[in-house]
1. For residues that are at pLDDT below 90 and hydrophobic (A, V, I, L, M, F, W, C), scanning just the stretch A:118-138, find the one that is farthest from A:E184 (Cα to Cα).
2. Output the residues belonging to the stretch A:159-175 that are in contact with a Ser or Thr (Cβ under 8 Å, 6 or more places away or on another chain) and crowded, with 17+ Cβ neighbours inside 10 Å.
3. Going by the conditions given, is A:G195 at positive phi and over 18 Å from the mean Cα position of the chain (by Cα)?
4. Just to be sure before I move on: is A:K205 closer than 20 Å to A:K88 by Cβ and in contact (Cβ under 8 Å) with a residue 24 or more places away in the chain in the structure I sent?
5. Among the candidates A:I5, A:I23, single out the residue that is out of contact with any helix residue (DSSP H, G or I) (no Cβ under 9 Å at 6 or more places or on another chain) and at the interface with chain B (Cβ under 9 Å from one of its Cβ atoms).
6. Take residues that are modelled with pLDDT of 90 or more and tell me which of the strands (runs of 3 or more DSSP E) falling wholly in the stretch A:29-117 contain 1 or more.
7. Any residue in the stretch A:120-130 that is more than 21 Å from A:S154 (Cα to Cα), within 14 Å of another protein chain (Cβ to nearest Cβ) and out of contact with any Asp or Glu (no Cβ under 6 Å at 6 or more places or on another chain)?
8. For the list (1) surrounded by 14 or more Cβ atoms within 10 Å (Cβ to Cβ); (2) at pLDDT 70 or above, I need the number of the one condition that B:V15 fails.
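The values are calculated or read from the model by the stated rules, or taken from the named source; none is laboratory data. Since the structure is predicted, the reported quantities are computational estimates derived from the model, not experimental observations. Backbone-built Cβ (ideal geometry, glycine too); neighbour counts: all protein chains shown.
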Amino acid sequence: MKKIIDKINKEKLFNVVIVLIVIALYIFVGLYIYSNFRERKRQEIADGIIKKVDEQIQKNIIKSNPMEEVTLSYEDFNYTVLGKIRIKKINIYQPILKENTKKAYDASVVKISGPNLNENGNVSIGGHNYMRGNFFIKINRLVKDDKITITDLSGREVDYYVYAYGITTIDDASYLAQPLNKDEKIVTLVTCTKGGKERYYVKAKAK
Amino acid sequence: MKDDMKLVDVSEESVIKAKDKFMVGIYLSLIFLVVFGLIIYFFGYEVLKPIIKV
């Protein structure tokens, strides 16, 4: 009799564990699908905005004094756009936003500092490093001479070629410094790494 | 005594039956998870799009 009761208790414990595993699986699948859908929506919004940016560029080309920024809205998206960035190697094609806010970082990549896009100087662009996503998670795959293309709203398209990359602490912002040679056009891509404890940067120069 | 035996049926046969039922329930819930998950994954985006926050 005691043996059977012990067995029943063991069975109960086993059942509880199994039920917990099943619940965990449901939660995991739900979160996976939600995160996948969020990425899809994010990319859809980015594509929609890119289309609007292209329309704006077409309008600006015929103007003598083109706009440097434009406020665009698309579904939940309502931001000031400065241009777009394309990195074919890692499949990035995103609008560059002016707003340096948390919400803007959730929507696309953001200009952190520097002159206007494609002007002389060092323009830094920050992007989130989502576990799944099309932002800057893959910039660590960029190596010397990989191409980064920035298009501003006047339609000017400049190719930048990677010449340096590395990891630094969050207190070190030397990668944002302006170049000594005032004629140089530099773009610096920045993202978080190690859960936000460090920064990964990629510097590219127009040839 | 006979009534007590009826109330707590701990015979090996009944324990095995209960275990089988439980395992069937678990398998069904796993099959439901896979089928429902696949349906949502492939066809649920358009439906859920309005409530997804970017």
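1. Selected residue: A:M131.
2. Within the stretch A:159-175, A:Y160, A:Y175 qualify.
3. When the stated conditions are applied, A:G195 does not pass them.
4. Yes: the conditions hold for A:K205.
5. None of the other options fit; the residue is A:I5.
6. A:77-87, A:92-97, A:109-113
7. yes
8. (2)
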